[in-house]
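The next block holds one structure in the form of structure tokens; read it before the comments.
The values are calculated or read from the model by the stated rules, or taken from the named source; none is laboratory data. The structure presented is a predicted model; accordingly, all values stated were derived computationally and were not measured. Cβ placement follows ideal geometry from the backbone for every residue including glycine, while neighbour counts extend to all protein chains displayed. When the accessible area is computed, the model is the full protein with side chains, heavy atoms only, and any ligands, DNA or RNA have been set aside. Shrake-Rupley method; radii C 1.70, N 1.55, O 1.52, S 1.80 Å.
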Amino acid sequence: MSEHEFPVGGVEGLIEDGMELPTSGKVYDFLRSIVTRLTEEWMPGNCQTLIEEREILEVCYRARELFWKQSMKIDVEAPVTICGDIHGQFEDLILMFSTYGFPHIPPQDPKAMAHNYLFLGDYVDRGPFSIEVITLLFALHLLYPDKVSLLRGNHESRPVNMQYGFYFECSRRFSPNLYESFQYAFYCMPVCAVVGKRIICMHGGISEDLKSMDQFDLFERPCDVPDVGMISDLCWADPVHDIPDGMYSESPRGAGRLFGPKAVEDFLDRHNLDLIVRAHQVVMDGFEFFANGLLVTIFSAPSYCGHFDNLGGVLRVDKDMVCSISVFAPENVYTAHLPKKKT
């Protein structure tokens with residue numbers, strides 16, 4: 001198969017209930033070709049000719065079908081590397097994979113941590129290459145759904161990504177039709193993950209409306225992210241220290257709520273969990289703890305938008321559920337964070 005030939009989802013290769021994802025054949029070769037071109041051949045200068053719009057449309061179609069099969073809450077096994085916001089910073093996504101391992105390349109050292117990833121959303125907007133970021137992650141998820149898991153962030157929502165860059169990028173580089181195809185996939189994405197039955201992950205934060213994990217089975221898709229309610233909180237909520245009773249309060253964002261340290265403790269006790277991992281906010285060190293270490297914010301877009309000198313961070317959970325935080329950034333940003341030598 002040449003690199004520009006690919007199967008059309010409407011004709012063959014649909015993902016149906018009970019079917020295993022392909023490990024060979026035209027569908028597999030097509031997806032591997034997408035991953036190879038984006039990870040080995042991509043440069044800013046060839047970004048417009050490397051992949052055709054019809055190929056990206058096919059990836060969107062297949063991603064939507066796979067998300068449709070999943071629950072709104074997915075279970076993820078350790079080991080796994082948990083990543084926060086990417087926001088169209090494709091070169092930094094490649095830097096992250098170069099640092100911690102590409103999902104499609106097994107570790108050379110058999111004792112090394114497997115190259116498994118859980119992304120917490122906000123793949124698009126702000127940065128210049130949102131199409132490459134989300135296309136690569138969709139393709140990796142389709143090829144390796146047990147190794148690459150994707151959650152929905154507040155920017156995987158039409159009212160947000162219509163305003164903050166993704167619509168303009170799709171329309172300028174390809175067509176509004178491509179933008180629409182991405183929205184159909186976003187409408188079906190899960191919003192929460194539990195790692196090893198002990199660590200709960202989402203993009204935004206916790207919700208006082210989430211009383212039981214069984215509630216995830218009640219939500220119908222496709223759907224957009226609402227302004228209020230459980231799904232809104234999971235995509236939009238923020239932790240703050242100065243809520244008088246330490247519980248919940250209204251958010252100035254106009255969507256989701258604020259929550260305090262006491263709310264974190266109660267939430268973990270209610271659901272018999274140990275840790276909350278979320279993204280959604282720029283943190284200068286790439287990570288930031290809250291509620292005496294019961295919650296951690298992870299942000300994985302270093303030098304965010306070119307306006308911050310922040311590091312990118314990831315949370316690594318090994319096979320024994322031992323957690324560690326690692327940070328990365330382009331060399332000039334990373335060096336600026338190193339302690340200054342005394343002279």
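For the reader, a short list of remarks on this structure follows.
- Antiparallel DSSP beta bridges within the chain, percent to nearest 5: 50 percent
- Of the residues Gly25, Gly45, Gly312, the one that moves most in a GNM of the chain with alpha-carbon contacts below 10 Å is Gly45.
- Dipole magnitude of segment 26-335, debye to nearest 20 (Cβ charges: Lys/Arg +1, Asp/Glu -1, about Cα centre): 580 debye
- In plain terms, the C-alpha convex hull of segment 122-191 casts an average shadow of 4.3 nm² when viewed from every direction.
- Geometric descriptor of segment 278-319, per residue, is 71 Å³ (volume of the convex hull of the Cα atoms).
- Rounded tilt (10° steps) of 53-69 against the dominant C-alpha axis of the chain: 50 degrees
- Carbon plus sulfur fraction of accessible area for segment 26-335, probe 1.4 Å, in percent: 51 percent
- Volume per residue of the C-alpha convex hull in the chain, rounded to whole Å³: 158 Å³
- Expected-Rg normalisation [2.2 N^0.38 Å, Cα atoms] applied to segment 223-293: 1.11
- Segment 111-188-segment 267-343 distance, computed between alpha-carbon centres (Å): 21 Å
- Compactness of segment 54-110 - radius of gyration and Dmax, Cα, Å: 14.5, 38
- Karplus-derived 3J(HN,Hα) values for segment 165-174, using 6.51 cos²θ - 1.76 cosθ + 1.60 with θ = phi - 60°, are x, 5, 4, 5, 5, 4, 5, 6, 8, 9 Hz; glycine and proline are entered as x.
- The chain - accessible surface per residue (Å², probe 1.4 Å): 44 Å²
- Dividing the summed -39500 (n - 2.57) terms of all DSSP H runs of n ≥ 4 by the residue count of the chain sets its mean residue ellipticity at 222 nm at -8500 deg cm²/dmol.
- Length available on full extension from Arg253 to Leu50: 0.36 nm per residue minus the Cα-Cα distance, which gives 69.3 nm.
- Normalised convex hull volume, segment 174-311, alpha-carbon set, Å³ per residue: 140 Å³
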